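Take a look at the structure set out below.
The values are calculated or read from the model by the stated rules, or taken from the named source; none is laboratory data. All values derive from a computational prediction rather than experimental measurement. A quick note on method: Cβ atoms are made from the backbone with ideal geometry, for glycine too, and the neighbour counts reach across all protein chains shown. SASA here: full protein model, heavy atoms, side chains in, ligands and nucleic acids out. Shrake-Rupley method; radii C 1.70, N 1.55, O 1.52, S 1.80 Å.
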Amino acid sequence: MEPSTAKARIAILGAGALGTLLADCFSRAGFEVRVLVRSADRAAALRRDAPGAAPVDDPTALLPADFLFVCVKSYQTSDAANTLAPAIAGAGVAPIVVSLQNGWGHLERLERGLAGTSLIAGTTSLGAYWGDDGSFHESTSGVTTLAPWTPGAEAQTAAAANLFTAARLRVETAGRAGEILWRKLVLNVAVNPLTAIHGVRNGAVGESPDLYAVALAAAREAVAVGAARGHLAAPYDPDPLLRALLHDTSGNRSSMAEDLARGRKSEADAILGAVLREGAAAGVPTPVIATLAERMAALEPSRGPR
């Protein structure tokens with residue numbers, strides 16, 4: 001039976017740009033939304049940019065909830081699971097956990113840390129960022145795709161999709177979680193590092209023949225790796241999907257570009273590094289992705305182990 005979403009309580013872990021966008025959209029749709037924040041500045045930003053959501057500074061105050069969205073960086077996943085596990089245990093009833101994170105391997109870490117919880121894998125092309133003047137910019141035209149990670153979580157996935165529909169956000173569901181995660185990784189590998197390295201928005205990659213050629217080559221390498229490792233049901237040409245993404249998100253600033261511009265650790269290892277490791281395991285060459293990874297490593301500030 002599909003869980004009811006009519007009066008769903010939503011918790012969000014990750015008060016960054018995506019978490020704030022979701023908090024704003026879901027609260028405007030009439031849902032009760034609580035977001036974990038770690039500082040007074042972040043709480044103030046949330047009240048300003050998602051005024052219908054409630055900031056909380058204690059993980060236990062997120063719960064009870066019907067749905068819990070994990071929007072932290074991929075390298076923060078283990079810490080997130082460690083934060084959530086005792087709070088969920090104390091609440092008694094586990095929420096449906098939806099991961100909307102970039103990269104590869106984060107669902108396995110959530111599964112280990114949150115045993116017994118229904119997990120849903122998600123990808124999204126929703127975009128959000130803060131301008132240099134502190135203003136919050138949302139792009140809600142993107143599509144979110146959800147798929148059950150936990151066996152038997154199809155009804156929970158449909159219920160989560162209903163939240164997006166109620167918030168007037170585009171959503172679709174799929175059957176294979178690994179497939180949607182790797183397909184998103186293909187696009188992230190192609191777009192994010194180039195926008196970060198060159199300090200441009202997504203649309204600039206599509207407008208430059210030279211940048212687009214690199215992006216498409218990286219995407220094709222990632223498809224070859226995914227097919228060889230069984231993450232994709234079959235190889236495909238990423239060209240039309242890449243062009244569509246760059247068109248639809250032309251004004252977006254990728255999270256990797258945002259992180260690099262603000263001197264923060266990016267998800268380069270979870271995105272580029274993941275494809276390189278899987279490519280090495282499959283014996284598939286990835287020279288373009290390797291070059292992008294080297295350039296990111298040279299530009300990114302060292303922040304300790306990922």
Worksheet item: Which log10 I(q)/I(0) values, to two decimals, does segment 241-306 give at q = 0.11, 0.21, 0.23, 0.28 Å⁻¹ under the Debye formula with one point per Cα?
Response: -0.32, -0.98, -1.06, -1.16
Worksheet item: When the convex hull of the C-alpha atoms of the chain is computed, what volume per residue in Å³ does it have?
Response: 123
Worksheet item: Label-point separation (nm) for ARG112 and ALA281, each offset 7 Å from Cα along Cα-to-Cβ?
Response: 1.3
Worksheet item: Counting pairs of alpha carbon atoms under 8 Å apart in space and at least six apart in sequence, what relative contact order in percent does the chain give?
Response: 15
Worksheet entry | Using θ = phi - 60° and Karplus 6.51 cos²θ - 1.76 cosθ + 1.60, couplings along segment 16-24 (whole Hz; Gly, Pro as x) | x, 5, 5, x, 5, 4, 5, 4, 5
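Hey, any idea what % of the chain's accessible area is carbon plus sulfur with a 1.4 Å probe?
On the way: 6570 of 12870 Å².
The computed percentage sits at 51.
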Item to complete: Report, to the nearest 10°, how far helix 177-198 tilts away from the longest principal axis of the Cα atoms in the chain, using its own Cα long axis and a range of 0 to 90°.
Response: 60
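What number comes out for accessible area per residue over the chain if the probe is 1.4 Å? Units Å², please.
Numbers: 12870 Å² over 306 residues.
Spelled out: the 1.4 Å probe surface of the chain, per residue, equals 42 Å².
Of the beta bridges DSSP finds with both residues in the chain, what % are antiparallel, to the nearest 5? Before the final figure, lay out each step's value.
On the way: 9 of 32 bridges.
Percentage antiparallel, nearest 5: 30.
What FRET efficiency, computed as 1/(1 + (r/R0)^6) with R0 = 35 Å and r the Cβ-Cβ distance, is obtained for ALA44 and ALA297, rounded to the nearest 0.05?
Efficiency, rounded to the nearest 0.05: 0.55.
Loop only per DSSP, at most 14 neighbouring Cβ atoms within 10 Å: give me the chymotrypsin sites (Phe, Trp or Tyr not before Pro) in segment 94-133, ordered by residue number. The partial results should precede the final answer.
Numbers: sites: TRP104, TYR129, TRP130; in loops: TRP104.
Hits after loop and neighbour filter: nothing returned.
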Response to the item:
Taking Cα atoms, the helix 77-91 axis meets the longest principal axis of the chain at an angle in degrees (rounded to 10) of 20
Response to the item:
Volume per residue (Å³) of the convex hull spanned by the alpha carbons of segment 195-306 is 100
Fill in: For segment 230-302 and segment 210-224, distance of Cα centres in Å
10
Discussion item. With angles folded into 0 to 90 degrees, how steeply does helix 209-229 sit against the dominant principal axis of the chain? Use alpha carbons for both and round to 10.
Written reply: 70
Worksheet item: What order do you get for 178-187, 39-48 when each peptide is scored by the mean count of other beta carbon atoms within 10 Å, highest first?
Response: 178-187, 39-48
Discussion item. So if each residue of separation counts as 0.36 nm, and I subtract the Cα-Cα distance between VAL93 and ARG243, what length gain in nm does that give?
Written reply: 49.7 nm
Worksheet item: What is the magnitude of the charge dipole of the chain about its Cα centre, with +1 placed on the Cβ of each Lys and Arg, -1 on the Cβ of each Asp and Glu, and no other charges, expressed in debye to the nearest 20?
Response: 280
